[in-house]
Amino acid sequence: MTLRIGVVPPSLGPGGIEFVRTAEQLGADTIWAPEAWMYDALTPLGYFAAVTERMRLATGVVQLGARSPALLAMSALALQQMSGGRFVLGIGTSGPQVMEGWHGVRFDRPITRTSETIDIIRMIARGDRVEFEGTVYELPLPDSQGRSLRSPVAGVDIPIYVASMGPANLRLTGAKADGWIGTAFLPESGDVFTGPIREGAEAAGRNLDDIELTTAVTLEFCDDPEEAGRRHADGYAFTIGAMGSRSTNFYNRAFTRQGFGEAIDEVQRLWQAGDREAAAAQVPIEIGLHTNLLGGDAEVTERLRRYRDAGIRQLRVNVGTDDEHVRVDWLARLLDLAAAVDAEG
């Protein structure tokens, strides 16, 4: 099984754009454009489509609820046309803090919203007349002047990848998605994620191999992986303490299902009490070490094998340096190591 390497642009300025061009020349498979509460994920890919020729262009991820399914389909159709068929639509529901605080949209029925969005996008991409009666969406609106429309752009394949963490959403991913956008993933406990994806796939008459499993990592070549692991573990304190409320933090639930529940609760408690330094110190070093690629060639190669053996088919790599020349060198080095791991069969 080939382990592909995708990259996250370090910026949207000239340096980031040049890195994307160089990454394609080196053999990176995909550029992943993130979306949080800064830049959107779709606009940069239109530009990247013009300055690249081969690599796939993926959103990682656009936030459902911020756009209607039809608008997502329209954007995806445009980018697929502009890129010559290289576009991948990565979608996710985000969380209540972002959706309700930033977009002003209620965070409700996230799994149903994801499922219905996939169905509507595929209906539009096929060129079907859009008539949909769901729980979240109904098209056309009842008792309205709306008409059932059909896109004149028909028969376009739009790969849809889903960012999911909880068991029900993972099962939905297995049932309906072309790929999985994973995070907080430790290969040592990867079946916490891949198990529900497999269940969903098999229930829908599919196979786990039908879904491209991807996960996020930071790459840092260094002489002391333990020190780097500690630093990266410290960085997770923000994710654990601030990326959600006390009652709703999908990252914390994912780490808890992987066996870190007691430590995660303490990190969150300390963070929300205002003691961020103590919170960082409480993050288990295993989280920093095992969600990233840290160390020399031998350590990174062993981690690549673990991801491969856990079923991951693409790593979404953040190259962890601000030095533009080192960034390119590290990516080239990683691609060589990944090719060697692939050659092992």
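By the Stokes-Einstein formula, at 1.567 mPa s and 4 °C, region 1-149 with its Kirkwood radius over alpha-carbon pairs has D equal to 78 µm²/s.
Legend: Rg and Dmax of region 46-87, from Cα coordinates, 10.8, 31 Å. Within a Cβ distance under 10 Å of Gly15, other residues only, what is the Lys/Arg minus Asp/Glu net charge? With Lys, Arg at +1 and Asp, Glu at -1, the net is -2. Sites listed here are trypsin sites (Lys or Arg not before Pro) in region 1-106 whose DSSP assignment is loop and whose Cβ has at most 11 other Cβ atoms within 10 Å: Arg54, Arg106.
The share of Cα pairs per 5 Å bin across region 126-270, counted from zero up to the longest distance, runs 2, 8, 13, 14, 14, 14, 12, 9, 6, 4, 3, 1, 0, 0 percent. Centre-to-centre, using Cα atoms only, region 86-136 and region 1-53 are separated by 24 Å. The candidate values are (i) 122; (ii) 185; (iii) 140; the one derived from this structure for volume of the Cα convex hull per residue in Å³ carries the label (iii). Taking every alpha-carbon pair within region 207-345, the share separated by more than 23 Å comes to 41 percent.
Largest first, the three principal axis extents of the alpha carbons in region 71-142 are 36, 29, 17 Å in whole numbers.
All distinct Cα pairs of region 306-345 go into the 1/r average, and the inverse of that average, the Kirkwood radius, is 11.3 Å. Within the shell defined by Cβ-Cβ distances under 12 Å, the residues around Gly90 carry a net charge of -1, with Lys and Arg each +1 and Asp and Glu each -1.
Only helices enter this figure: runs of n ≥ 4 DSSP H residues, each worth -39500 (n - 2.57), summed and divided by the residues of the chain, yield -14500 deg cm²/dmol at 222 nm to the nearest 500.
Values in this text are rule-based calculations from the coordinates and carry no lab data. None of the values given here were measured: they were computed from a predicted structure. As a convention, Cβ positions derive from the backbone with ideal geometry for all residues, glycine included, and neighbour counts pool all protein chains shown.
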